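First comes the structure, then the notes that go with it.
The values are calculated or read from the model by the stated rules, or taken from the named source; none is laboratory data. Values in this document were obtained by computation on a predicted structure and should not be read as measured data. Every residue, glycine as well, gets a Cβ built from its backbone with ideal geometry; the counts of neighbours run over all protein chains shown. Each accessible area value is taken on the protein alone, full model and side chains, heavy atoms only, with ligands, DNA and RNA left out. Shrake-Rupley method; radii C 1.70, N 1.55, O 1.52, S 1.80 Å.
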Amino acid sequence: MEHTDIFKQAMQELAAVRTIQDLHAFEARYLGRKGLITMGLKGLKKLPPDQRKQRAIELNGLRKELESAIPKREAEVIRRQAQAQAENEHFDISMPGITNRAGHAHPLTLVQQEIMDVFERMGFYVMDYPEAESDFFNFEALNIPKDHPARDMQDTFFLEDGNLLRTHTSAGQVRAMMELKPPFAAIFPGRVYRYEATDASHDHTFDQVEGLMLDHRISVANMLYYMQTLLEAVLKRSMTVRLRPGYFPFVEPGFELDIQCMVCGGKGCPVCKYSGWVELMPCGLVHPNVIRAGKLDPAQWQGWAFGLGMSRMVMMRYEIDDIRLLTGGDLRFIEQF
Ligand code: PHE
């Protein structure tokens with residue numbers, strides 16, 4: 001190869017390089033350890049002495065040229081590749097963007113907020129009490145004797161530290177009496193836990209709202225008024241209710257407020273266990289022993305209390321036929337609200 005040819009050829013090859021990989025290969029071919037220039041310089045000895053000098057000048061000149069030409073070419077190749085990529089990508093400015101998926105409140109939260117709203121307007125405090133609770137507030141203070149079936153291992157999740165998961169929001173009753181100065185009215189919504197088998201109408205984890213009012217004179221009629229207001233506000237339709245005697249150690253007298261099952265309209269379904277009625281609000285007048293546990297004098301103070309099964313309320317409201325859906329975390333269910 002004539003010495004002028006190598007220079008021409010190198011420049012032609014360099015101009016034809018289109019990719020970075022090709023450029024690296026080109027660089028190796030000329031400037032690498034076994035490249036044409038390096039080898040050419042090593043081979044000078046074999047040339048006739050009169051050609052050596054000229055050849056050396058040429059090769060060194062080519063090397064200098066390439067050392068500045070290659071980085072320039074590299075920048076150009078990169079720029080062209082980016083340009084080609086940009087031209088091949090179609091960006092349609094009129095396409096709708098990807099919207100963020102916004103969450104929304106869970107049906108339990110929606111109903112709880114409505115209940116809080118209604119009661120706050122009627123002057124009730126909304127209190128928040130612990131889910132991990134002491135035996136005292138969950139049982140002892142509520143006049144639940146040591147051998148009561150509610151304390152049975154089967155109903156309660158006991159914690160290793162001697163506390164337990166509250167089995168009902170009634171655990172807040174005596175806390176409220178100690179915390180709020182009577183006369184007062186309060187509700188305390190929250191999650192409760194029971195160690196029991198689950199079915200369509202029972203879950204080990206569910207939500208209640210406790211209502212509690214303390215004053216000098218309290219009546220069942222007064223309690224009924226608040227319960228009715230609550231039902232109408234949340235269920236937003238007329239319904240048939242019944243009140244029947246019920247036993248709870250912390251109320252006397254105690255009642256169960258049942259509503260006609262709104263899932264089946266009273267015909268019978270898994271939610272109402274085919275009875276047509278759903279227990280929704282156990283209630284009663286606060287037992288004097290409970291008032292005493294709250295460090296108040298039962299001769300001066302009376303109270304009423306109800307425990308609303310909020311999970312059941314949500315089921316009635318939205319006609320949900322399995323309580324386990326509420327905490328199951330299945331988005332196909334939750335997204336319907
Ligand atoms: N705490 C009781 C339960 O969960 C319900 C209840 C509350 C009964 C208030 C009477 C008064 O079963």
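Only one of Leu47, Leu66, Leu41 is open to solvent by less than 60 Å² (accessible area, probe 1.4 Å), within 18 Å of Phe26 (Cβ to Cβ) and in the same structural domain as Leu14 (by TED's automatic domain parsing). Can you tell me which?
Only one candidate qualifies: Leu66.
I want to confirm something. Restricting to region 200-217 and keeping residues that are more than 13 Å from the ligand (Cβ to nearest atom) and not polar (S, T, N, Q), which single residue is most open to solvent (accessible area, probe 1.4 Å)?
Start the filter on region 200-217 by keeping residues that are more than 13 Å from the ligand (Cβ to nearest atom), which leaves 200-201, 203-205, 214-217.
Keeping just the survivors that are not polar (S, T, N, Q) gives 200, 203-204, 214-217.
On the way: Ala200: 19, Asp203: 9, His204: 76, Leu214: 1, Asp215: 56, His216: 96, Arg217: 201 Å².
This residue is Arg217.
Pairs please, first residue from region 244-259 and more than 7 Å from the ligand (Cβ to nearest atom), second anywhere and open to solvent by 50 Å² or more (accessible area, probe 1.4 Å) and assigned to a loop (DSSP other than H, G, I, E, B), Cβ atoms under 8 Å, 6+ apart in sequence or on different chains.
Here the result reads Pro249/Pro145; Ile259/Thr240, each pair linking region 244-259 to a residue that is open to solvent by 50 Å² or more (accessible area, probe 1.4 Å) and assigned to a loop (DSSP other than H, G, I, E, B).
Which one of these does Tyr30 not meet: (1) in a loop (DSSP other than H, G, I, E, B); (2) more than 59 Å from the chain's Cα centre (by Cα)?
(1)
Which fully enclosed strands (runs of 3 or more DSSP E) of region 187-298 have 2 or more residues being hydroxyl-bearing (Ser, Thr, Tyr) and in contact with a strand residue (DSSP E or B) (Cβ under 9 Å, 6 or more places away or on another chain)?
Because the criterion is at least 2 residues that are hydroxyl-bearing (Ser, Thr, Tyr) and in contact with a strand residue (DSSP E or B) (Cβ under 9 Å, 6 or more places away or on another chain), no strands (runs of 3 or more DSSP E) in region 187-298 meet it.
Every residue in region 77-122 that is farther than 30 Å from Arg332 by Cβ and hydrophobic (A, V, I, L, M, F, W, C), please.
The answer is Val77, Ile78, Ala82, Ala84, Ala86, Phe91, Ile93, Val118, Phe119, Met122.
Among the helices (runs of 4 or more DSSP H) contained in region 84-183, which hold 2 or more residues that are free of Cβ contacts under 8 Å to residues at least 40 places away in the same chain?
The qualifying helices (runs of 4 or more DSSP H) are 107-121, 135-138.
Among (1) hydrophobic (A, V, I, L, M, F, W, C); (2) within 16 Å of the ligand (Cβ to nearest atom); (3) open to solvent by less than 30 Å² (accessible area, probe 1.4 Å); (4) over 30 Å from Gly103 (Cβ atoms), which single condition is Leu280 missing?
Failed condition: (4).
Can Ile334 be described as more than 30 Å from Pro182 (Cα to Cα) and either free of Cβ contacts under 8 Å to residues at least 12 places away in the same chain or hydrophobic (A, V, I, L, M, F, W, C) (or both)?
yes
Under 7 Å by Cβ, and 6 or more places apart or on different chains, what pairs join a residue from region 207-225 that is under 17 Å from Pro253 (Cβ atoms) and assigned by TED's automatic domain parsing to the domain that holds Met127 with one that is of a type in the set (Ser, Thr, Tyr) and within 13 Å of the ligand (Cβ to nearest atom)?
Hits for this filter: Gly211/Tyr226.
So which residues in region 127-148 are surrounded by 15 or more Cβ atoms within 10 Å (Cβ to Cβ) and farther than 15 Å from Arg191 by Cβ?
Ser134, Asp135, Phe137, Phe139, Glu140, Ala141, Leu142, Asn143, Ile144
Which ones in region 101-125 are surrounded by fewer than 17 Cβ atoms within 10 Å (Cβ to Cβ) and within 23 Å of the chain's Cα centre (by Cα)?
Correct list: Arg101, Ala102, Gly103, His104, Ala105, His106, Thr109, Leu110, Gln113, Glu114, Met116.
Going through region 166-183 one residue at a time, which ones are out of contact with any Asp or Glu (no Cβ under 6 Å at 6 or more places or on another chain) and open to solvent by 40 Å² or more (accessible area, probe 1.4 Å)?
Within region 166-183, Arg175, Met178, Glu179, Lys181 meet the criteria.
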